[in-house]
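The values are calculated or read from the model by the stated rules, or taken from the named source; none is laboratory data. Values in this document were obtained by computation on a predicted structure and should not be read as measured data. Cβ: placed from backbone, ideal geometry, glycine included. Neighbour counts: every protein chain shown.
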Amino acid sequence: MGGLFSRLNSSDTNRDFEQILEDLDDQIRRAEVRLSEIKIRERRMAIIFIVYSVLAYVLYFIGFFLYLRRDEDNLQMWVVKLLPILLGPIGIITVKNVISVWYKRKEINEENQVEHLRKTQKMKLEDYKKKTAYYTAKGIIERYEINLQNNLLLANLGRRLARDLARLGHQDSF
């Protein structure tokens with residue numbers, strides 16, 4: 001009766017480990033998909049921001065020379081109107097860098113999550129190997145497999161030697 005419960009318990013444990021490993025694998029795949037989506041989103045946002053901000057800058061630049069530039073404006077008004085033209089490229093580059101840094105931070109967090117999930121998966125797999133005596137069975141199999149391979153090798157060498165001796169024996173009689 002005890003053997004029946006231990007067999008049932010081990011099969012449940014096997015299924016539990018299999019389910020845990022499957023869940024971890026699914027989480028890793030989803031995190032890798034999110035990671036690739038973050039990279040795509042970063043590129044898309046940077047391109048969209050640059051296109052729209054450069055377009056706005058060019059429109060302001062054209063508008064300044066067509067409508068905002070008046071000879072009767074005082075120096076302060078000229079400075080206020082020229083400020084966007086002078087600071088526009090710096091602002092565009094700064095905001096683009098902020099976008100890149102923000103997405104890079106998200107990317108690093110997602111990479112850390114993937115790394116953590118892989119470590120957890122590896123630890124669970126090692127636990128499973130220890131609980132199922134994987135390393136003990138592997139050691140026994142390797143030890144006897146090597147002995148079996150050595151025995152087969154010796155047997156093959158013995159057959160070849162016998163065959164070669166038989167050939168030599170036939171050649172001496174001629």
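Summary table
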| quantity | calculated |
| --- | --- |
| Inter-residue pairs, beta-carbon under 7 Å, first under 29 Å from residue 132 (Cα atoms) and assigned by TED's automatic domain parsing to the domain that holds residue 118 and in region 16-36, second hydroxyl-bearing (Ser, Thr, Tyr) and assigned to a helix (DSSP H, G or I), 6+ apart | 17/128; 24/120 |
| Residue match in region 18-41 (condition: charged (D, E, K, R), surrounded by fewer than 11 Cβ atoms within 10 Å (Cβ to Cβ), out of contact with any Pro (no Cβ under 7 Å at 6 or more places or on another chain) and over 21 Å from residue 113 (Cβ atoms)) | no |
